[in-house]
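Q: Below is a structure I'd like to ask you about.
The values are calculated or read from the model by the stated rules, or taken from the named source; none is laboratory data. Since we're looking at a predicted model, the values are computed, not measured. Please note: Cβ atoms are built from the backbone with ideal geometry, for glycine as well, and neighbour counts cover all protein chains shown.
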Amino acid sequence: MKPTILVVDDEAPIRNMLAFSLNRAEMHVEVAAGADEALDQLSTASTPPDLIVMDWMMPGLDGMQLTRTLRETPGLMHIPIIMLTARGRESDRTSGLDCGADDYVIKPFSTRELISRVRAVLRRTQPTAGTTDEDDDTKVLRVGDLLLDTASHRALAGDRPLHMGPTEFRILRLFMTAPGRAWSRAQLLTEIWGDGQTVEERTVDVHIRRLRKALESTGHAEFVQTVRGHGYRFSDVI
């Protein structure tokens, strides 16, 4: 089945170019001319898109504000997001990731690069075609009172649901498969993003902050521990 990509951009030529390129790459494309139109489509869609590609600088609600809104909306917070922007400074990239984006593509870009990024994000946020949840080490992971159900893609602390993006879910799943193990940033990049992806180690720190924020409301943020000079580990022993 073709993945569905929602393209959100206020410039019609860019929307049309992206729609044409993604269609040629065997993806189903929906478009929105701005954040408000995107929210209308998402609120009425029977099935959410598999990924959103959105421009940062849009009139009215911009890409960062839309991303924050989606990350706080049940039923939509899990959708991976790729941000498009001409702002290429490290602080801009960090801001984009901090607000909830899963990847960041700097303008000008080639459609080949964007399609590669889209496929990479889809690979790491969706089950691999031809596999099932039985292929995982286990469907349900438990550490203390934390429960991760990989089949339903739910995380719970006791009976309270935890809300997080797809990358944070994958990091938590990795951590909970080996409590107490120290992971270097390079190891996390390989495990979560995969080999061959151009992702800075700084990106790991951004997603760890987002994971801690998701765990904060239930008092579990301290389970994600910094290993000075190495990386991170997950432990229910504080």
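Q: Given the conditions (1) at pLDDT below 95; (2) surrounded by 14 or more Cβ atoms within 10 Å (Cβ to Cβ); (3) under 18 Å from MET164 (Cα atoms), report the number of the one that ASP55 does not fulfil.
A: (3)
Q: Where in the range 1-92 are there helices (runs of 4 or more DSSP H), lying wholly inside it, with at least 2 residues that are closer than 18 Å to SER116 by Cβ and either in contact (Cβ under 8 Å) with a residue 24 or more places away in the chain or in contact with a Ser or Thr (Cβ under 9 Å, 6 or more places away or on another chain) (or both)?
A: Details: elements: 12-24, 35-44, 63-71.
Here the list reads 12-24.
Q: Taking the conditions exactly as written (closer than 16 Å to GLU168 by Cα, modelled with pLDDT under 80 and not charged (D, E, K, R)), does THR125 satisfy them or not?
A: Numbers: closer than 16 Å to GLU168 by Cα: yes; modelled with pLDDT under 80: yes; not charged (D, E, K, R): yes.
Against the criterion (closer than 16 Å to GLU168 by Cα, modelled with pLDDT under 80 and not charged (D, E, K, R)), THR125 qualifies.
Q: Further question on the same structure: Assess whether VAL140 counts as being surrounded by fewer than 19 Cβ atoms within 10 Å (Cβ to Cβ), at negative phi and modelled with pLDDT of 85 or more.
A: yes
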